[in-house]
Amino acid sequence: MAAQEIGVGGSGVAFLVSAGIVYEIIAAACSSPQTTEINAKSRSETLMKWVHLGVGQAAVFVVAAAVLDQKNAPAILAGGTVAAVLLYAQYVHARNAGLRSGEPGTES
């Protein structure tokens with residue numbers, strides 16, 4: 001990408017769409033909040049480690065998109081922040097509910 005393209009509207013959106021589809025496809029094959037809840041007793045630390053790593057990776061992509069698309073940076077940062085907070089809260093809730101549950105997990 002040429003230096004003069006940095007900050008030009010549209011690049012950040014394209015960047016997020018491209019990165020987002022990769023994350024969506026990979027996430028479709030990985031654990032979810034439901035899996036976290038079901039197996040919290042046997043692997044909550046490992047599951048949350050990957051949630052933390054995912055949030056960190058997402059932050060890198062969102063900040064990069066905001067730099068690439070400065071015109072839309074507030075919306076990009078707001079969308080990324082809202083999504084990260086909501087998804088993180090889901091995983092924390094799932095972990096806590098799973099640890100409190102008397103139901104057996106699917107993994108030992």
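The values are calculated or read from the model by the stated rules, or taken from the named source; none is laboratory data. Everything numeric here is computed off the predicted structure, so don't read it as measured data. Positions of Cβ are generated from backbone atoms using ideal geometry, with glycine treated the same way; all protein chains shown enter the neighbour counts.
Across segment 1-35, which residue is modelled with the highest pLDDT among those that are in a loop (DSSP other than H, G, I, E, B), of a type in the set (Gly, Ala, Ser) and touching a helix residue (DSSP H, G or I) at 6+ places or on another chain (Cβ under 7 Å)?
Applying the first criterion (in a loop (DSSP other than H, G, I, E, B)) to segment 1-35 yields 1-2, 6-10, 29-32.
From what is left, the residues that are of a type in the set (Gly, Ala, Ser) are 2, 7, 9-10, 29, 31-32.
Pick out the ones that are also touching a helix residue (DSSP H, G or I) at 6+ places or on another chain (Cβ under 7 Å) and you get 7, 9, 31.
Working: Gly7: 61, Gly9: 63, Ser31: 75.
Here the residue is Ser31.
When every residue of segment 69-76 is checked against the conditions, at least one turns out to be under 15 Å from the mean Cα position of the chain (by Cα) and either part of a helix (DSSP H, G or I) or not charged (D, E, K, R) (or both).
In segment 36-50, the residues that are over 17 Å from Leu87 (Cα atoms) and among the polar types (S, T, N, Q) form Cβ pairs under 9 Å with partners that are modelled with pLDDT of 90 or more and part of a helix (DSSP H, G or I), at six or more places apart or across chains, as follows: Asn39/Gly98. Within segment 25-68, being surrounded by fewer than 13 Cβ atoms within 10 Å (Cβ to Cβ) and either among the aromatic types (Phe, Trp, Tyr) or under 16 Å from Gly79 (Cα atoms) (or both) holds for Gly56, Gln57, Val60.
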